[in-house]
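The values are calculated or read from the model by the stated rules, or taken from the named source; none is laboratory data. What you are looking at is a predicted structure, and each value in this text was computed from that prediction instead of being measured. Don't worry about glycine lacking a Cβ; one is built from the backbone with ideal geometry, like all the others, and counts go over all protein chains shown.
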Amino acid sequence: MMSDTTPSIGRWFAELARRQYFWGIVAIVVLLLINVLKDPTYLSISVSPTTGNLVGNLIDILRAAAPIMLIAVGMCLVVATGGIDLSVGSVMVVSGAVSMEFLHSASGSVGDAFLAFGLAVLISAVLGTVNGVLVAVVGLQPFISTLFIMLAGRGLAKVITGGQNTAATNDSFRWLANGYVFGIPVVFILALLVVIAVGVLVRRSALGLMIEAIGMDPKAARLAGVNRRGLLFTVYIFSAVLAGIAGVFGTASVMTVDVSRTGYQLELDAILAVVIGGTSLAGGKFNITGAVVGALLIATLDKTVVFLGVSSSATPAFKAIVIVVLCLLQSERVRQVFRQRRASRPHTPQKEVIPA
Amino acid sequence: MTPAPAPVVEMTGITVAFPGVLALDDVDLRLFPGEVHAIMGENGAGKSTLVKALTGAYQLERGEIRIDGVVRRLTTPVESAAAGIAPVYQDSHLVPNLSVAENVMLGNETRRRFGINWTATRRRAADMLGQLGLDDLDPRVRLSVLPPAIQQLVAIARAMVGAPRVLVLDEPTSSLEPDEVDRLFAVVRRLRDRGVAIVFISHFLEQVYAISDRMTVLRNGRREGEYLTKRLDRADLISKMIGKDIAGLQALGSQRQSHLHEPLGGEVYRAASLARRGQMEPIDLTLHRGEIVGLAGLRGSGRTELAYLMSGAERADSGALWIDGRRSTIATPRAGLRHRVAMSSENRRVEGVIEDLSVRDNIVLALQALRGWARPITREERDDLVDSYIEGLGIRPAAPDTPVRYLSGGAQQKVLLARWLATRPRVLILDEPTRGVDIAAKLDIQRRVAQLARDGVAVVFISSELEEVVRLSDRIVVLKDREKIGEITNGPGVTVDTIVELIAADHEPSE
């Protein structure tokens, strides 16, 4: 035995390194380092003299990560059941449209802000229920069912706003996206709280086990009496409600819903975040922490692309390259190749604890 | 028999290690041309590992393989195939959507300058099938429409295309009917007479005795010995495989026989004209507390369908049901479990255990599902439950966190049994609980079933092994062609033949 602290930290790190999302963390660090190379003050966080809030690039990243975190966690649960939810981006825009349209004609009171939020969550839950009906009752494939809401949702948002990009004013509502508590953006705190609540709910109750069971082996789960239909409803509604909250965050920051841009293609970001986090698209075991790491990585990547001044036409390619490299690093096959190369190299003395 | 010439394959000192376990420890195997060589042992004894060492799927820790006296390194399946070794695995790797000819010749098609010469390919396939005595098989027919037995023969034909010296058959008969087994054996004998060395692995003792010339017995990764089949009687073989005597089997039988004279408990389950169109003709069945009712019949006779109907895995479309004297309906497995009717499916891997979940999660799954996800089983309750079943059923290894995938077939079956027992069933339907399970575990499971009945559970016991049904059951319901053709009260005069005669005598329904 060596001293008490070093091995436990080492073990903690070794444990972390074995997690699938370890490479996601590494990628975040690498991206930040690249930014630091360009601008040594990139990581600095200062306290704004006028408002007392924290300002800096890291804070911006957290703010941007909030909506992605929410939809990634919802997506994570859906994916674990062996499904997929392509509709989250469209649910975001519907939720944003409903809240903006409501606030547009309402007064600027706090109560109205609450009502707008509640309305947005409600309509999202309805859309989630439609997904649930199509998947669990009708028995359509999740890809097709949610593709339907993905396409219809954006149309619905346009109908709600009459094709306009509706804007509204309500300071309480705006505070959700732009406000600060203890100097930290409210969106991030809220997103984190929601994510933690979902995580605790899923792992403390038997929901996680049931979801994994139907994702791994639907037939066996059915014979064991698992209520597949009810669970599918639950996860699709969960996913939609989380997307609805993300939609509120997305629109409240500018107090305008952009019917063609809000939530556009965010379902893809969510799926990527889930995959980076180590949840297999085949369903089964899932990892909520991993999905959060994935969401943070995507937000970092988005900000980095802007910061480095990558031209907007090259942005998707840049993003794609980073993600492909990451997925390669995570794949068992590539890891094995590395391991074998390392093993076949002539033995060099290493800094290891040598038993006395 | 002619004195055996030099062996084609000689494996000596074979040692294969997996992380943490020595799967094979210093094992020898000799294969002679023109002989069927059975590898015998319980599940986990190392039979498949030994075969996989030969077919290049596993790396050797130690030991050498000689082919025709020359040391060869077989590190990949391709090298092994080049050395003349052809495996046919349990789940034969065929393509259901291709024709018989395409399956037989897959990867060995006759080519011409542009693409494949289908006429020649098909002719060679037909030729191959002819050599195996399968002339009646149309090479153009799609594989998926053929019964599993014929598919198995196609797999053998495919393996024989490369004219191998050694053919490996790993559990080729596990899903075949008796007459299909005969056909398979005819093919095997034909190949043997042509000088092919055949490795035969099977759980069915009678089949091993029918087909093999020589056997190697393994136990716990070590070689017990090599014997000529005709010199080793069954009792000796079994005791070499399990390392103890088989008196337990006989004891169990007499135990059940004495149980028969006890009066029956109260009625717990009664089905009247239960049926589902196209699956099961109307059937009446009554179960009493503490009795074991065997369902006997050939595969496809409706045993599994009846189990499904009784437990709600399939919805009955007519008939009535009384549970504990009360009129009930069971339309889903969930409803079945609520009425405390549990069914363990014959398809252990697809409809039974969830392989990626741990032993613990697999055991609590049904109970937890019954309670609903919002009312989780507390950690202490769960651990108590899991520990008590691991202990009580003898699940080995006793590692609740291990994914079930890594357990042997017998242990998986016990995990499944634990799952249903945790729901405290009044009626437990066990469909093939001992299939693919080694002798020791089989005996153990039978013992547990007998104990359950003594504890007052009504057990429905389904097995393809009629001996097992006769040994365990108090009553035997005989099924044929999706119909109940008779019911036998078990007793000293009842044997396997009684059932077979009943099935055979039922030629024409007198309608």
> Looking at this structure, is residue A:163 surrounded by fewer than 17 Cβ atoms within 10 Å (Cβ to Cβ) and not in a helix (DSSP H, G or I)?
Replying inline: yes
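Table: residues versus (1) among the β-branched types (Val, Ile, Thr); (2) closer than 20 Å to residue B:347 by Cβ.
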| residue | (1), (2) |
| --- | --- |
| B:281 | no, no |
| B:311 | no, yes |
| B:319 | no, no |
| B:326 | no, no |
| B:332 | yes, yes |
| B:336 | no, yes |
> Since residue B:173 meets every condition but one in (1) closer than 28 Å to residue B:297 by Cβ; (2) without any contact (Cβ under 8 Å) to a residue 60 or more places away in the chain; (3) part of a helix (DSSP H, G or I), which condition does it not meet?
Replying inline: (3)
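Considering only the stretch B:314-383, give the strands (runs of 3 or more DSSP E) lying wholly within it that have at least 2 residues that are over 29 Å from the mean Cα position of the chain (by Cα).
On the way: elements: B:318-323, B:326-328, B:341-344.
Ranges flagged: B:318-323, B:326-328.
Tell me yes or no: at least one residue of the stretch A:162-172 is within 30 Å of residue A:82 (Cα to Cα) and away from chain B (no Cβ under 14 Å). Full working, then the answer.
Going through the stretch A:162-172, the residues within 30 Å of residue A:82 (Cα to Cα) turn out to be none.
Within the stretch A:162-172, not a single residue is within 30 Å of residue A:82 (Cα to Cα) and away from chain B (no Cβ under 14 Å).
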>> Take the residues in the stretch B:168-197 that are modelled with pLDDT of 85 or more and within 15 Å of residue B:93 (Cβ to Cβ); name whichever of them is surrounded by the most Cβ atoms within 10 Å (Cβ to Cβ).
In response: B:169
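Checking the conditions here, which among A:221, A:197 is more than 17 Å from the chain's Cα centre (by Cα), free of Cβ contacts under 8 Å to residues at least 40 places away in the same chain and either within 10 Å of chain B (Cβ to nearest Cβ) or assigned to a helix (DSSP H, G or I) (or both)? Before the answer, list the steps.
Details: A:197 fails: more than 17 Å from the chain's Cα centre (by Cα).
None of the others qualify; the one that does is A:221.
Right, residue A:70: assigned to a helix (DSSP H, G or I) and either without any contact (Cβ under 8 Å) to a residue 60 or more places away in the chain or surrounded by 24 or more Cβ atoms within 10 Å (Cβ to Cβ) (or both) or not? Let's see the steps before the verdict.
Working: assigned to a helix (DSSP H, G or I): yes; either without any contact (Cβ under 8 Å) to a residue 60 or more places away in the chain or surrounded by 24 or more Cβ atoms within 10 Å (Cβ to Cβ) (or both): yes.
When the stated conditions are applied, residue A:70 passes them.
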> Restricted to the stretch B:368-387, and to residues that are small (Gly, Ala, Ser) and surrounded by 14 or more Cβ atoms within 10 Å (Cβ to Cβ), which residue is modelled with the highest pLDDT?
Replying inline: B:369
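Can you say whether residue B:334 is closer than 24 Å to residue B:450 by Cα, at the interface with another protein chain (Cβ under 10 Å from one of its Cβ atoms) and among the basic types (Lys, Arg), as far as the supplied structure shows?
Values: closer than 24 Å to residue B:450 by Cα: no; at the interface with another protein chain (Cβ under 10 Å from one of its Cβ atoms): yes; among the basic types (Lys, Arg): yes.
No: the conditions fail for residue B:334.
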> Looking only at the stretch B:311-331, which residues are within 13 Å of chain A (Cβ to nearest Cβ) and either touching a His at 6+ places or on another chain (Cβ under 7 Å) or buried (at least 19 other Cβ atoms within 10 Å of the Cβ) (or both)?
Replying inline: B:311, B:312, B:313, B:314, B:330
> How many residues does the stretch B:462-510 hold that are in a strand (DSSP E or B), in contact with a Leu (Cβ under 7 Å, 6 or more places away or on another chain) and surrounded by fewer than 14 Cβ atoms within 10 Å (Cβ to Cβ)?
Replying inline: 0
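Can you pull out the residues in the stretch B:36-68 that are on the phi > 0 side of the Ramachandran plot and touching a residue at least 60 places away in the same chain (Cβ under 8 Å)? Walk me through it before giving the result.
Of the residues in the stretch B:36-68, the ones on the phi > 0 side of the Ramachandran plot are B:41, B:44, B:46, B:56, B:63, B:68.
Those that are on the phi > 0 side of the Ramachandran plot and touching a residue at least 60 places away in the same chain (Cβ under 8 Å): B:41, B:44, B:46, B:68.
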> Which of (1) outside any helix (DSSP H, G or I); (2) within 13 Å of chain A (Cβ to nearest Cβ); (3) in contact (Cβ under 8 Å) with a residue 12 or more places away in the chain does residue B:400 not meet, given it meets every other one?
Replying inline: (2)
> Quick check, is residue B:459 in a helix (DSSP H, G or I) and in contact (Cβ under 8 Å) with a residue 24 or more places away in the chain?
Replying inline: no
> Any idea how many residues of the stretch B:34-59 are crowded, with 19+ Cβ neighbours inside 10 Å and either touching a Gly at 6+ places or on another chain (Cβ under 7 Å) or not in a strand (DSSP E or B) (or both)?
Replying inline: 18
>> Which residue is farthest from residue B:361 (Cα to Cα), if the candidates are limited to the stretch A:224-264 and must be outside any helix (DSSP H, G or I) and within 14 Å of chain B (Cβ to nearest Cβ)?
In response: A:227
> Picking from A:254, A:226, which residue would you name as being touching a Lys or Arg at 6+ places or on another chain (Cβ under 8 Å) and farther than 13 Å from residue A:283 by Cβ?
Replying inline: A:226
